[in-house]
1. For the range 70-77, indicate whether the set of residues that are assigned by the TED database to the domain that holds Phe336 and farther than 27 Å from Lys239 by Cβ is non-empty.
2. Can you report the number of residues in the range 190-207 which are modelled with pLDDT under 90 and either open to solvent by 40 Å² or more (accessible area, probe 1.4 Å) or touching a Pro at 6+ places or on another chain (Cβ under 6 Å) (or both)?
3. Does any residue of the range 34-46 turn out to be in the same structural domain as Ser240 (by the TED database), assigned to a helix (DSSP H, G or I) and within 17 Å of Thr345 (Cα to Cα)?
4. Looking at the range 291-309, which of the residues that are among the aliphatic types (A, V, I, L, M) and open to solvent by 40 Å² or more (accessible area, probe 1.4 Å) is nearest to Ala140 (Cα to Cα)?
5. For the range 10-20, which residues satisfy the criterion of being at pLDDT 80 or above and either in a helix (DSSP H, G or I) or open to solvent by less than 20 Å² (accessible area, probe 1.4 Å) (or both)?
6. So, in the range 310-334, exactly how many residues are open to solvent by 60 Å² or more (accessible area, probe 1.4 Å) and under 23 Å from Ala72 (Cα atoms)?
7. Would you kindly identify the helices (runs of 4 or more DSSP H) lying entirely within the range 349-427 that contain at least 3 residues that are at pLDDT 90 or above and assigned by the TED database to the domain that holds Val438?
Amino acid sequence: MNDLTSRKLTWKEYLVVASLLFGLFFGAGNLIFPLHLGQLAGGYWVSATVGFLVTGVVLPLLSVLAIAVTRAEGVYDIGKPLGAGFAIVFMVLIHATIGPLFGTPRTASVSFTVGIAPFVSKGNEGMALLIYSAVFFALAFFFAYRENSILSNVGRVLNPMFLALLFIMFLVAFLRPLGNPMTAQATSDYVHGAFVNGFLQGYNTMDAPAGLAFGVTVVHAVRQMGQKRDNDVARVVAKSGALGMAGVAVIYLLLIVAGAMSLGKFKLSADGGVAFTQIVNYYGGAFGQAVLAVLIAVTCLTTAVGLVAAFAQDFHKHFPQISYHMWLFLTTLASFLFANFGLDTLLAWSTPMLMFLYPLVLVLILLSVCSPLFHRDPWVYLFVVVFTVVPALGDMVVSFPSVVSASAFGKMVAAWRSMLPLSDLGMSWLVPDLIGLVLGLLVHFAYGRKRVLSREV
C-alpha cells in the first residue's frame with residue numbers, strides 16, 4: 001500500500017508545476033490576440049474578456065486535466081475510445097494545426113511582425129521575412145535535432161526578462177493611458193455579441209489543442225514528484241493549473257484593456273502585431289522596440305523548438321517507417337514555407353480550421369474529464385462527436401476567405417447552416433452537440449453500461 005501512497009507536495013513544488021503550465025501555454029504569439037480583442041471590443045471589453053478567458057484559459061487547463069484523468073500518453077489516446085482510425089486522424093489534425101500549417105509558422109511571423117518589421121521598409125518586408133524565417137527555422141531544426149537544452153536554459157532566463165519588460169509596459173500604459181477603455185468605440189459585432197465573439201477569438205490562442213499535445217509532459221512531471229494515484233495527479237494538476245493559468249489570465253486581462261485604451265491614440269489595427277508595435281514604439285521608442293524584438297524572437301524560437309520536436313516525436317511514434325529526424329526536417333520545412341505567406345494570411349486561413357477543430361477539441365476534453373461517470377463508453381463519444389462534427393464543418397466553410405465562402409458550394413453550405421440554432425453566432429454545433437450527448441447517455445444507461453462493465457471485468 002505504501003507504493004500507492006502519494007506524498008504531500010510543498011507550495012514550492014506546486015509553483016514549479018504552475019510555472020511549467022504557464023510556460024507551456026503562454027508564448028509571445030499570445031500577446032497579439034487579446035490586444036487585438038481589446039481594440040475590437042472597445043467599451044464592451046469586460047464581456048469579451050470573460051468569453052476569451054473561457055477558451056483561452058479554462059479550456060486549456062481542462063485539456064491537461066483530461067490527460068491526467070484518462071491517463072493518456074498523448075493526443076492519440078484522447079481519441080482512442082472512437083477507434084484507432086479516428087484517433088490517428090484526430091492526432092494528425094491537432095499536430096498539423098498547432099504545428100506546420102499554422103501554429104509553428106506563426107512563431108516566426110509574429111516575432112517578425114512585432115520585432116523586425118518596424119525596422120524594415122515596406123518594399124523589403126517580403127525578402128526580410130524570407131531571410132528571417134530561414135534563419136529562425138534553421139536554428140529551430142538545429143536545436144531540436146541535437147535535442148540540445150541550451151536554448152531552453154536561455155529561455156528560462158530571457159522569458160522572465162520578457163515578462164518583466166511586458167509588465168513595465170503595462171505600468172507605463174496604465175499610468176499614462178492612451179484613452180478610456182470604457183468609452184472606446186467597439187466594432188459592430190461586439191456591440192451585440194461581445195461574449196460570444198470573445199469566446200471565438202480565444203480559439204486563436206490554440207492552447208486547448210496544445211494542452212492535449214503537451215499535457216502529458218505536465219502529468220509526467222507531477223508523477224515524478226511522487227504522486228502515485230490518478231486522483232492525486234489530477235488534484236495537483238488542478239491546483240497548480242489554477243495558479244499558472246491565473247497568471248496567464250491576468251496578462252490577457254491587461255492586454256485586452258491596453259488594446260481598448262490604445263484606440264484613444266491609434267485606429268483599429270489589422271492585427272494585434274501591428275497594435276503591439278504601435279504601443280511599444282509610443283512608450284519605449286526605437287530602443288524599447290529593439291529590446292523587445294530580441295526577447296520576442298527568443299521566446300518564439302523556444303516555442304518553435306518545442307512544437308517541431310513534439311510533432312516529430314509523435315509522428316515517428318505512430319509512423320515509425322520515417323525517422324524522427326526526417327519528420328523534424330519535413331515539419332520545419334513546411335513551417336518555413338507557410339510562414340512566408342505572412343501573418344495576415346496565416347490568420348485568415350487558420351480561423352476556418354479552428355472553427356472546425358475547436359468544437360471537436362472542446363467536446364473531447366469535456367468527455368475525457370467526465371469519462372469516469374460513463375466508464376468512457378464509446379457510444380457516448382460517438383453520438384457527441386458525430387453531432388458536433390457535421391455543423392462544425394459548416395462553421396468552417398463559411399469562415400473561409402471569400403474564394404471559398406462566396407463560391408456556389410460556400411453559399412449552399414451557408415444556406416443549410418443558417419437553419420441551425422446559434423449559427424449567426426458561429427456556434428451552430430452547440431445544440432446538436434447537446435442532443436448527441438443526451439442520446440449517447442440514453443444508449444449508455446439503456447444497455448451500454450453493462451457491456452462496458454463486463455468488458456472491464
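1. The answer is yes, given that some residue of the range 70-77 is assigned by the TED database to the domain that holds Phe336 and farther than 27 Å from Lys239 by Cβ.
2. 2
3. First, the residues of the range 34-46 that are in the same structural domain as Ser240 (by the TED database): 34-46.
Within this subset, residues satisfying the condition of being assigned to a helix (DSSP H, G or I) are 34-46.
Adding the requirement that they be within 17 Å of Thr345 (Cα to Cα) leaves 36.
Checked against the condition, which is being in the same structural domain as Ser240 (by the TED database), assigned to a helix (DSSP H, G or I) and within 17 Å of Thr345 (Cα to Cα), the range 34-46 yields at least one hit.
4. First pass over the range 291-309, keeping only residues among the aliphatic types (A, V, I, L, M): 291-298, 301, 304-305, 307-309.
Then drop every residue that is not open to solvent by 40 Å² or more (accessible area, probe 1.4 Å), which leaves 291, 294.
Values: Val291: 21, Val294: 16 Å.
The qualifying residue nearest to Ala140 (Cα to Cα) is Val294.
5. If we filter the range 10-20 for residues that are at pLDDT 80 or above, which is where we start, we get 10-19.
The answer is Trp11, Lys12, Glu13, Tyr14, Leu15, Val16, Val17, Ala18, Ser19.
6. Summing the residues that are open to solvent by 60 Å² or more (accessible area, probe 1.4 Å) and under 23 Å from Ala72 (Cα atoms) in the range 310-334 gives 5.
7. Values: elements: 378-399, 402-405, 408-417.
Of the helices (runs of 4 or more DSSP H) lying wholly inside the range 349-427, those with at least 3 residues that are at pLDDT 90 or above and assigned by the TED database to the domain that holds Val438 span 378-399, 408-417.
Results for (1) in a helix (DSSP H, G or I); (2) of a type in the set (Lys, Arg); (3) surrounded by 18 or more Cβ atoms within 10 Å (Cβ to Cβ); (4) at positive phi, shown as yes or no for each residue.
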residue: Lys239; (1), (2), (3), (4): yes, yes, no, no
residue: Met245; (1), (2), (3), (4): yes, no, yes, no
residue: Val250; (1), (2), (3), (4): yes, no, no, no
residue: Met261; (1), (2), (3), (4): yes, no, yes, no
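The values are calculated or read from the model by the stated rules, or taken from the named source; none is laboratory data. It should be emphasised that the depicted structure is a prediction, and the values quoted were computed from it without experimental measurement. Note that each Cβ is placed from the backbone with ideal geometry, even for glycine, and that neighbours are counted across all protein chains shown. What goes into the accessible areas is simple: the full protein's heavy atoms, side chains included, and nothing from ligands, DNA or RNA. Shrake-Rupley method; radii C 1.70, N 1.55, O 1.52, S 1.80 Å.
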